[in-house]
1. Using 0.36 nm per residue of separation minus the Cα-Cα distance, give me the extension gain between Glu69 and Thr370 in nm, one decimal.
2. Okay, helix-only estimate at 222 nm for the chain: each DSSP H run of n ≥ 4 adds -39500 (n - 2.57), divide by all residues, round to 500 deg cm²/dmol; what do you get?
3. Using Cα pairs closer than 8 Å and at least 6 residues apart in sequence, work out the relative contact order for the stretch 165-223, in percent.
4. Using per-residue counts of other Cβ atoms within 10 Å, averaged over each peptide, order 185-192, 46-53, 14-21, 1-8 from highest down.
5. Using only the Cα atoms of the stretch 287-378, what do you get for the radius of gyration and for Dmax, in Å?
6. Please check which bits of the stretch 190-208 a label hung off Leu48 would reach, taking the label as a point 7 Å along Cα-to-C-beta and the cut-off as backbone N under 12 Å.
7. Estimate the FRET efficiency between Glu310 and Asp188 by the formula 1/(1 + (r/R0)^6), using the beta-carbon distance for r and 45 Å for R0, to the nearest 0.05.
8. Roughly how many debye, to the nearest 20, is the charge dipole of the stretch 28-128 about its Cα centre, given +1 on each Lys and Arg Cβ, -1 on each Asp and Glu Cβ, and no other charges?
Amino acid sequence: MSKRVIVLGAAGSIGRQTLDVIRERAASDEKLELVGFSVHSNCETLRLLKHEFPHSRGAWTGEPSLAPEGASWAGPEALARLLSETEADIVVNGIAGAAGLSASILVLQRSMHLALANKESVVMGYRLLKKLADEQRCNIIPVDSEHAGLFQLTQRIGRAIVSELTITASGGPFRSLPIDQLSSVTPDDACKHPVWKMGRKISIDSATMANKGLELIEAARLFDMPQTRIRVLIHPQSYVHAMVRTLDGALYAQISKPDMRLPIHMALSWPKTTASPFGFADLAGKNLEFYEPQKERYPLLWIARQALDEGEAQCIVYNAANEVAVEHFEKGSIRFTQIASVVARTLERNWNLPVESFEDILHIDSMARTIAANNAERST
Ligand code: NAD
Ligand code: MG
């Protein structure tokens, strides 16, 4: 029987790769059926997808007046209507940024399983999302490659005997650049990722390692581990995505080619393990390296550890301030190295606010954005 899939953010990097997985599995026993998708600003994608998958329905979540012909819904309610009027088994959330949180909530409220690429959802509101998922008897299946790896490892090994988690990082395009040159790199330089082809925001986050900071928070939340028991290692080849150490000291690794279609495929197969059409990693002749990241080069990783120690609100602030700082860097109004200082300065005030509802999360998120924007403007 085929699984019915909805793809949110279908024109983005995760969205396009999910569509590839659906196409590749079309002739297999584990067929996937695209029943719905959302597009935010790319009219052409909506038209092409309607043509290629005529039984699917497309929601236009961007400016309603720009909605292309063929959109089933447009405007502020489009996403909610797509999710409430389309029957599906699983939804891939490939929306970028904090906007992904409300999408994750809608998916779980509709009792559909959530294949979650949008790490911001986890960083901002995992406790509340998990509660909702449990109430609705739905699963949250991580798609972020490191967490997909940890998910597979912990499922197979058993969470009870795991003593430490490791996630790897490629180190980004500036891994070997002299540190004193970091302040003059441009957004385009930052987007030239050595291994992964991704959206611009996450590519810049990979260069600063704010992405790994977010992933550290994501791992702490998803696997309920203190940050002191989660390691980050630079691994330029990006073959080993995650490792777990068990109580007896053994280390188990999840190894696959650096191709996001694999974790998407795994999430869409789960709880089964199914044959992948995307080949497999061959380690013969490969030289796999691992390094400790340097604090001076990647301060945002240490700031994330501090945010995790301080509390849930600080993790929301970390994400929001980083998003704002990256926007300022993209506009050319702050330097690459100032992204970390804007985030650090925004976290300096007292953020011990309650995080008991989605409204609380959005309130902290919006306060942090205002303060981060002020900090970014004062840095220029
Ligand atoms: P992207 O920028 O390529 O695509 C994001 C999509 O979200 C776009 O189609 C965009 O139009 C849509 N979008 C933006 N704002 C929206 C809004 N307010 N409402 C609805 N849709 C909106 O980004 P991406 O690289 O595909 O990343 C998507 C998410 O997946 C991010 O959270 C990212 O951290 C995560 N992720 C991506 C990768 C990757 O390889 N690309 C890997 C792991 C995790
Ligand atoms: Mg990742």
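Any read-out appearing in this document is the output of simple, stated calculations on the displayed coordinates, not a laboratory observation. Because the structure is a prediction, the values reported are computed rather than measured. Cβ atoms come from the backbone with ideal geometry, glycine included; neighbour counts cover every protein chain shown.
1. 104.7 nm
2. When only DSSP H runs of four or more count, the value is -14000 deg cm²/dmol.
3. 36
4. 14-21, 1-8, 46-53, 185-192
5. 14.2, 48
6. Flagged as within label range: none.
7. Computed FRET efficiency for Glu310 and Asp188: 0.85.
8. The dipole of the stretch 28-128 has a size of about 260 debye.
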